[in-house]
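To start, the structure itself, in structure tokens.
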């Protein structure tokens, strides 16, 4: 019984890492803004920390994106409404609470 080669010499397609790079650029830009312009950069950094994880599954996981798009319009509308509700909640409640906790008058 021999060991078979799994891919049979067929090369794998390259992985699309555009959205991962885009998220890293956004976090790096937020960090640089927070470093050089704290009055603008720190709120942007805190907002991106709270807002990007809810958008991450759509941006990073192609399987989740295909699944959510394969559902009906009602399901897509519900997911969009939940994402918007979370982002609005984070913007109005979570971000100010974190900014007040770290201090500095950035609210």
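Counting only helices (runs of 4 or more DSSP H) that sit completely within region 14-107, those holding 1 or more residues that are touching a residue at least 60 places away in the same chain (Cβ under 8 Å) and under 18 Å from the mean Cα position of the chain (by Cα) correspond to 38-60.
Scanning region 51-90 for residues that are modelled with pLDDT of 80 or more, surrounded by 12 or more Cβ atoms within 10 Å (Cβ to Cβ) and within 26 Å of residue 34 (Cα to Cα) yields a total of 5.
The values are calculated or read from the model by the stated rules, or taken from the named source; none is laboratory data. Everything quoted here is computed from the prediction, not taken from an experiment. Positions of Cβ are backbone-derived with ideal geometry, glycine not excepted, and every protein chain shown enters the neighbour counts.
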